[in-house]
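Report on the structure given below.
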């Protein structure tokens, strides 16, 4: 089987060591290092559609609980939307595209 294009990272767990290697800019809230949106693949940051969609869902939950401000929520959603758009523009995986459609429906 031919290797998959690295347009977007494959969905899956992000180990603690992999998360610790990510730069602050790979997170939706960089100072707190919360909500990773990218993954390191061969030393390069690659958009991670499944984590971006999950970041939006978790941010909504935290906003509803009062743990996030509206401004923080808006930043997370905007950054996650950019990552999801990168994945869909590059022909993201079927599961990433489904996550994008679900995230867009929830925010509409």
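The values are calculated or read from the model by the stated rules, or taken from the named source; none is laboratory data. From a predicted model like this one, the values you see are computed outputs, not experimental measurements. Quick reminder, even Gly has a Cβ in these numbers, built from the backbone with ideal geometry, and neighbours come from all protein chains shown.
Scan segment 34-54 residue by residue and report those that are at pLDDT 85 or above, in a loop (DSSP other than H, G, I, E, B) and at positive phi.
If the condition is that a residue be at pLDDT 85 or above, in a loop (DSSP other than H, G, I, E, B) and at positive phi, then no residue fits.
How about segment 51-63: which of its residues are under 15 Å from residue 87 (Cα atoms) and surrounded by fewer than 16 Cβ atoms within 10 Å (Cβ to Cβ)?
Correct list: empty.
Can you find, within segment 29-50, the residue that is surrounded by the most Cβ atoms within 10 Å (Cβ to Cβ) among those that are within 15 Å of residue 86 (Cα to Cα) and touching a residue at least 40 places away in the same chain (Cβ under 8 Å)?
Top of the filtered list is 49.
Of all residues in segment 12-33, which are in contact with a helix residue (DSSP H, G or I) (Cβ under 8 Å, 6 or more places away or on another chain) and not in a loop (DSSP other than H, G, I, E, B)?
28, 29 - these are the residues of segment 12-33 that are in contact with a helix residue (DSSP H, G or I) (Cβ under 8 Å, 6 or more places away or on another chain) and not in a loop (DSSP other than H, G, I, E, B).
So which pairs qualify, if the first residue must be in segment 67-86 and more than 15 Å from residue 27 (Cβ to Cβ), the second must be buried (at least 17 other Cβ atoms within 10 Å of the Cβ) and at pLDDT below 95, the Cβ gap must be under 7 Å, and the two must be at least 6 apart or on different chains?
84/49; 84/52; 84/53; 84/100; 84/103; 86/47
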